[in-house]
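Participant: Got a structure for you, written out below as structure tokens; questions coming shortly.
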Amino acid sequence: NTFYFLRTQFIMLMLGLLIIVVTHWIPYIKYMQFATIGLVVAILLLVITLFAGVSINEATRWIEIPVIGLRLQTSDLAKVALVIYLARGLTVYQQELNNFSVVTMKLLVPVAIVCVLIMSENLSTALMIFGISMIILYIGRVPVRFLLAYAGLGLAGVILFASLLLVFKKDDNRVQVWKNRIEAHFGGKSNPDADYQANQAMIAISTGKLFGKLPGKSTQRNLLPQSNSDFIFAIIVEEYGLFGAVILIMAYLALMYRGVQIARKCDYAFPALMVLGLTVMIVFQAFLNMLVAVGIFPVTGQTLPMISWGRTSVMVISFALGAILSVSRVMNARERQEKLSEVEQTDKMPA
């Protein structure tokens, strides 16, 4: 069915639009109230995925909902739940952010739990979530010396985790995949799978030139694995050229700019941190995907938000956009009310 991807992506984008509309009407204070519960549920889903998940392409990252058969990538759910939880934690403990033990127990431990549960099957996502978390903590004014200590602990944790997997799970682990991809990118050693993907992506990008081959004229989409998800940026460049790539990059930068503008209007810490955290999450993932496609970063398997074909990713990003718009709606309403009050006070002043 040549219309399969068009049909399914259209349905998911319509569902995503519905999610955005619904979530943007939810008062942002509700996200704060249910942040802890959301994170606990996300962690439970990660545990279920770890022991009873669906394996695709030799990686167990999904759970399947009975009856309807819908597969959810639980790491995407955990990512947005963790961002909202960190925004709440930074707000609740903003007077204790210079206390290393408080920051570690209340903020870093949840990050570590999520990353460890994801790491065995998806190291790139775990590292991305850790990086996003560090950025959010920095924005929330956690001391840099704490963040450097956490980065060191994180590196040591990855090395220890990989060592334990090699010792206790010799025949069935992802460590060799991580090692091959890193060596292929930085060390020049051959890795057929990663090399093939990277090479086909580079061919697509190099043949796109300035204005591309025009929509639907790609040839590399038939050769490049995951051309509709992980490497869709290469196909965009092939069909739309450098011109189309710049427009897409500017769109994500515009989203980042608008997120910052919304956060600047906030009078309270939580909505500002939630907006900045969710915006950073989306833009960070987008640029990571594009860096992989152009060969600057090792192959990771991250989707391009709202562009790549996928179910869970579209729903999660739509939820994040709806939460951002929830804050924007409240702040705009407050701004209009303040202007109206100023006009009324001016009218009441004697001539």
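The values are calculated or read from the model by the stated rules, or taken from the named source; none is laboratory data. Everything numeric here is computed off the predicted structure, so don't read it as measured data. Using ideal geometry, Cβ is built from the backbone for each residue, glycine included, and neighbour counts are taken over all protein chains shown. With ligands, DNA and RNA removed, areas are computed over all heavy atoms of the protein, side chains included. Shrake-Rupley method; radii C 1.70, N 1.55, O 1.52, S 1.80 Å.
Participant: Out of Thr60, Thr49, Thr23, report the one residue that is surrounded by 11 or more Cβ atoms within 10 Å (Cβ to Cβ), modelled with pLDDT under 85 and under 20 Å from the mean Cα position of the chain (by Cα).
Facilitator: So the residue among Thr60, Thr49, Thr23 that is surrounded by 11 or more Cβ atoms within 10 Å (Cβ to Cβ), modelled with pLDDT under 85 and under 20 Å from the mean Cα position of the chain (by Cα) is Thr60.
Participant: So, one more: Could you tell me whether Gly259 is of a type in the set (Gly, Ala, Ser) and within 18 Å of Ile132 (Cβ to Cβ)?
Facilitator: yes
Participant: What's the total number of residues in the stretch 86-117 that are open to solvent by 10 Å² or more (accessible area, probe 1.4 Å) and in contact (Cβ under 8 Å) with a residue 60 or more places away in the chain?
Facilitator: 6
Participant: List every residue pair whose Cβ atoms lie under 7 Å apart, where the two residues are 6 or more positions apart in sequence or sit on different chains, the first residue falls within the stretch 212-227 and is in contact (Cβ under 8 Å) with a residue 12 or more places away in the chain and of a type in the set (D, E, K, R), and the second residue, located anywhere, is buried (at least 21 other Cβ atoms within 10 Å of the Cβ) and assigned to a loop (DSSP other than H, G, I, E, B).
Facilitator: Listed by first residue and then by second, the contacts come to Arg221/Ser227.
Participant: Just for helices (runs of 4 or more DSSP H) wholly inside the stretch 1-64: which have at least 2 residues that are among the aromatic types (Phe, Trp, Tyr)?
Facilitator: Those helices (runs of 4 or more DSSP H) span 4-24, 28-33.
Participant: Report, by residue number, each residue of the stretch 265-275 that is open to solvent by 30 Å² or more (accessible area, probe 1.4 Å) and either at pLDDT 95 or above or closer than 16 Å to Ala323 by Cα (or both).
Facilitator: Lys265, Tyr268, Ala269
Participant: Answer yes or no as to whether Val142 is in contact (Cβ under 8 Å) with a residue 40 or more places away in the chain, surrounded by 13 or more Cβ atoms within 10 Å (Cβ to Cβ) and either assigned to a helix (DSSP H, G or I) or small (Gly, Ala, Ser) (or both).
Facilitator: Judged against the criteria, Val142 is not a match.
Participant: Scan Ala198, Ala251 and give me the residue that is part of a helix (DSSP H, G or I), small (Gly, Ala, Ser), under 19 Å from the mean Cα position of the chain (by Cα) and closer than 18 Å to Gln302 by Cβ.
Facilitator: Answer to the check: Ala251.
Participant: Separate question: Does Arg311 satisfy the criteria of being closer than 26 Å to Ile65 by Cα and among the basic types (Lys, Arg)?
Facilitator: yes
Participant: For residues that are touching a residue at least 24 places away in the same chain (Cβ under 8 Å) and either open to solvent by 80 Å² or more (accessible area, probe 1.4 Å) or in contact with a Gly (Cβ under 6 Å, 6 or more places away or on another chain) (or both), tally how many sit in the stretch 30-46.
Facilitator: 0
Participant: I would also like to ask the following. Find the residue count for the stretch 293-303, including only residues that are in contact with an Asp or Glu (Cβ under 9 Å, 6 or more places away or on another chain) and open to solvent by less than 20 Å² (accessible area, probe 1.4 Å).
Facilitator: 3
Participant: List the number of the failed condition for Val299; all other conditions in (1) over 20 Å from the mean Cα position of the chain (by Cα); (2) farther than 18 Å from Val83 by Cα hold.
Facilitator: For Val299, the failing item is (1).
Participant: Output the residues belonging to the stretch 90-99 that are in a helix (DSSP H, G or I) and more than 27 Å from the chain's Cα centre (by Cα).
Facilitator: Once the filter is applied, which keeps residues that are in a helix (DSSP H, G or I) and more than 27 Å from the chain's Cα centre (by Cα), the stretch 90-99 yields Gln95, Glu96.
Participant: I would also like to ask the following. Out of curiosity, is Leu15 surrounded by 14 or more Cβ atoms within 10 Å (Cβ to Cβ), of a type in the set (A, V, I, L, M) and modelled with pLDDT of 85 or more?
Facilitator: For Leu15, the condition - surrounded by 14 or more Cβ atoms within 10 Å (Cβ to Cβ), of a type in the set (A, V, I, L, M) and modelled with pLDDT of 85 or more - is met.
Participant: Of the residues Met290, Met250, which single one is among the aliphatic types (A, V, I, L, M) and surrounded by 12 or more Cβ atoms within 10 Å (Cβ to Cβ)?
Facilitator: Testing whether each residue is among the aliphatic types (A, V, I, L, M) and surrounded by 12 or more Cβ atoms within 10 Å (Cβ to Cβ) leaves just Met290.
Participant: Of the numbered conditions (1) in a helix (DSSP H, G or I); (2) more than 13 Å from Tyr150 (Cβ to Cβ), Glu121 satisfies every one except a single condition; which is it?
Facilitator: (1)
Participant: Cβ contacts < 6 Å: first residue under 12 Å from Met202 (Cα atoms), restricted to the stretch 285-306; second residue buried (at least 19 other Cβ atoms within 10 Å of the Cβ) and among the small types (Gly, Ala, Ser), any location; separation 6+ or different chain. Result?
Facilitator: Sorted first by the residue in the stretch 285-306, then by its partner, the pairs are Ala293/Ala201; Ala293/Ala234; Gly295/Ala198.
Participant: Can you tell me how many residues in the stretch 276-287 are farther than 25 Å from Gln9 by Cβ and either surrounded by fewer than 23 Cβ atoms within 10 Å (Cβ to Cβ) or more than 15 Å from the chain's Cα centre (by Cα) (or both)?
Facilitator: 1
Participant: Taking the conditions exactly as written (over 25 Å from Ser229 (Cβ atoms) and outside any helix (DSSP H, G or I)), does Val102 satisfy them or not?
Facilitator: No; evaluated as a whole, the condition is false for this residue.
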